[in-house]
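A short write-up of the structure that comes next.
The values are calculated or read from the model by the stated rules, or taken from the named source; none is laboratory data. Everything numeric here is computed off the predicted structure, so don't read it as measured data. Virtual Cβ from ideal backbone geometry, glycine too; neighbours counted across all protein chains shown. Note: areas computed on protein heavy atoms with side chains; ligands, DNA, RNA excluded. Shrake-Rupley method; radii C 1.70, N 1.55, O 1.52, S 1.80 Å.
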Amino acid sequence: MNIIVNGAAGRMGQQVCRLLAEQGHTLAAAVDRAGGEGFCAALADYTGPADVVIDFSFHEGVGELVDYCVSRKLPLVAATTGYTPEEFQRLEAGAKEIPIFQSYNMSIGVALLAKLVGQAAAIFQGCDVEIVEAHHNRKADAPSGTALLLADAVKAKRPDAEYVFGRSGQHKRQPNEIGIHALRMGNVVGEHEVIFATDNQTITLKHQAHDRALFAEGALAAAHFVVGQPAGLYHMDHLLGL
């Protein structure tokens, strides 16, 4: 495949560029707003051949990203986190015209974790649920998109659930709460833990990312999947057949 990598100078963009070469793909264009030798400063600067765009840039650029892909009829793997509701709506609108694969976490292990979380939430309806996530100290958005993905997996089984982001003061925990807590420290790649607790037992489901390469692997698997798909919004469940 000929792959455009948007956000190519970032940590994840660099990982994708390295891995696609190892897998025999072609880097059609390395795009990064910082520019520099070997980089296009904007997507519009590249008009050559391409099969798909993988985006690990910044969520605020979603409008330009979707417009570019729609104008060129290019499938998109949107791997950026931190989308606002309005920005996500821009992705949804674009998916009416091109295939867009979106995930807040490109790890296949996290996709499996979300599936298990949903199953546990369905079985243990009355338990307390708490989500704890940890990332490196440079991550801007909190809680992480993955923590919200996991919370959504619980809420799908408990429609009355309410998200509580951290806790302070003196307030009794309500039964329908899903507590979500973010840690930012050191160089942690990514850890997500979902705790289900009753008066008599606790079940903990946890995923730890040891190397950012796993997210690049998932992004390339998503690119393979989305090329050739009809217009629509796709997620990890579609890739894994869950």
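Between Thr204, Thr47, Thr146, the Gaussian network model of the chain with springs among Cα atoms under 10 angstrom shows the greatest mean-square fluctuation at Thr47.
Taken along its three principal axes, the alpha carbon spread of the chain comes to 61, 38, 32 Å, from the longest extent down to the shortest. Among the listed pairs Lys115/Lys139; Lys73/Lys206; Lys73/Lys157, those with a Cα-Cα distance over 32 Å are Lys73/Lys206; Lys73/Lys157. The Cα trace of segment 99-229 gives Rg and Dmax of 15.6, 54 Å, the first to one decimal, the second as a whole number. For Lys172, list the lysines whose Cα falls under 22 Å from its own Cα; do not include residues on the same chain fewer than 8 positions away. Straight-distance partners of Lys172: Lys155. For the residues Ser107, Ser144, Ser168, a GNM of the chain with alpha-carbon springs under 10 Å puts the largest fluctuation on Ser168. Other residues whose C-beta falls under 14 angstrom from the C-beta of Gln208 contribute a net charge of -2, scoring Lys and Arg +1 and Asp and Glu -1. Rolling a 1.4 Å probe over the protein heavy atoms gives the chain an accessible area of 48 Å² per residue. Two tests apply to each whole DSSP H helix in the chain, Cα reach of 18 Å or more along its axis and mean Kyte-Doolittle hydropathy of at least 1.0, and the ones passing both are 108-123, 213-226. Summing charges over neighbours of Gly145, with a neighbour being any other residue whose Cβ is under 13 Å away from its Cβ, gives -3 when K and R count +1 and D and E count -1.
Subtracting the Cα-Cα distance of Gln174 and His210 from 0.36 nm times their residue separation leaves 9.5 nm of extension gain.
All other residues whose Cβ lies under 15 angstrom from that of Ala222 are scored, Lys and Arg at +1 and Asp and Glu at -1, for a net of -4. Only the Cβ atoms of Lys and Arg (+1) and of Asp and Glu (-1) were treated as charged; on that basis the dipole of the chain about its Cα centre amounts to roughly 280 debye. In the chain, Cα pairs under 8 Å separated by at least six residues give a relative contact order of 22 percent.
In the chain, a dipole from Cβ-located charges (positive for Lys and Arg, negative for Asp and Glu) runs towards its positive end, and of Ile178, Ala28, Thr202 it is Thr202 whose Cα lies farthest in that direction.
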